[in-house]
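In what follows, a single structure is set out as structure tokens and then discussed.
The values are calculated or read from the model by the stated rules, or taken from the named source; none is laboratory data. Values in this document were obtained by computation on a predicted structure and should not be read as measured data. Reconstructed Cβ throughout: ideal geometry from the backbone, glycine too, with neighbour counts over all protein chains shown. Areas reflect the complete protein model, heavy atoms only, side chains present, ligands, DNA and RNA absent. Shrake-Rupley method; radii C 1.70, N 1.55, O 1.52, S 1.80 Å.
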Amino acid sequence: LYRCMRFPDRWRFEKVLLRAKYSADATFHHVDGTWWMFVNIGTDDTDVHDELHIYHADRLDGTWHPHGANPVKSDVRSARSAGRLYMRAGQLYRPAQIGVPIYGSGISINKVLKLTPTEYLEQEVARIVAPATDGILGFHTLNRAGELTVADGFIRRNRFGDKPPISFAPVFSDAAAATHLPYGPIPADGQTGG
């Protein structure tokens, strides 16, 4: 944990929150007085993409306790976080990376059905994948800050030649899938609004 002393260039170390041999994409969520940390942890037997672990604490800088069912999810198709959790219509959602057939193939939107210190249950409700015709190979992250929604995608480019930027229109698993996004659907032109 670092404290910002002057944005963007001055930070002060505060505390190590979690020690793990190899971890990735720690994502924090605060609700009803409890802090939750969703983090993927790799071991000698598993890759960092495969297993989602949850920790909880009363304070961000407090003592973090492991979830009673860790790892709560073992699935390369939707274990690794792809952005912060968000509330929509009173329901909590967790975006996750789709790691097959390649890393960053898309984003899985998962409805959190149960979150307690001993139980965790989520259900995939939508997938965001790249249309085959756009040249985009996948998506990795979906986040929101104020009026700005950000999603990243990746393509293959010739390193010796510049290609113009491309806009994209994500493809959803069904017509209603876009309703599970943090602040409504992404318009067909790939631009986002408030």
How big is the equivalent ellipsoid of the stretch 1-126 along its three axes, where each semi-axis is √(5λ) from the Cα gyration tensor, reported in whole Å from largest to smallest?
-> 23, 18, 16
Counting only residues 5 or more places away or on other chains, whose amide H sits under 5 Å from the amide H of ARG127 once H atoms are built in the peptide plane?
-> ILE109, SER173, ASP174
ARG156 to THR34: FRET efficiency via 1/(1 + (r/R0)^6), r the Cβ-Cβ distance, R0 41 Å, to the nearest 0.05?
-> 0.45
Nonlocal amide H pairs with GLY138, under 5 Å, H built at 1.01 Å = PHE154
Simple spin-label estimate for ASP58 and ASP45 in nanometres, 7 Å along Cα-Cβ | 3.5
Which of the pairs LYS21/LYS73; LYS73/LYS114; LYS15/LYS114 have their Cα atoms more than 24 Å apart in this structure?
-> LYS15/LYS114
Based on the Cα coordinates of the stretch 4-68, what is the per residue volume of their convex hull in Å³?
-> 119
Value of Rg/Rh across the stretch 108-151 [Cα atoms, Kirkwood radius] | 1.11
Distant-in-sequence amide H partners of ARG77 (H built 1.01 Å from N, under 5 Å) = GLY99
Virtual spin-label span in nm between TYR103 and ASP9, 7 Å along Cα→Cβ = 3.1
Give a residue-ordered list of calculated ³J(HN,Hα) values for the stretch 104-120 (Karplus: 6.51 cos²θ - 1.76 cosθ + 1.60, θ = phi - 60°; whole Hz; x for Gly, Pro).
-> x, 4, x, 10, 9, 9, 10, 7, 7, 8, 8, 9, 9, x, 10, 10, 8
How much accessible area per residue does the stretch 4-61 have, in Å², with a 1.4 Å probe?
-> 64
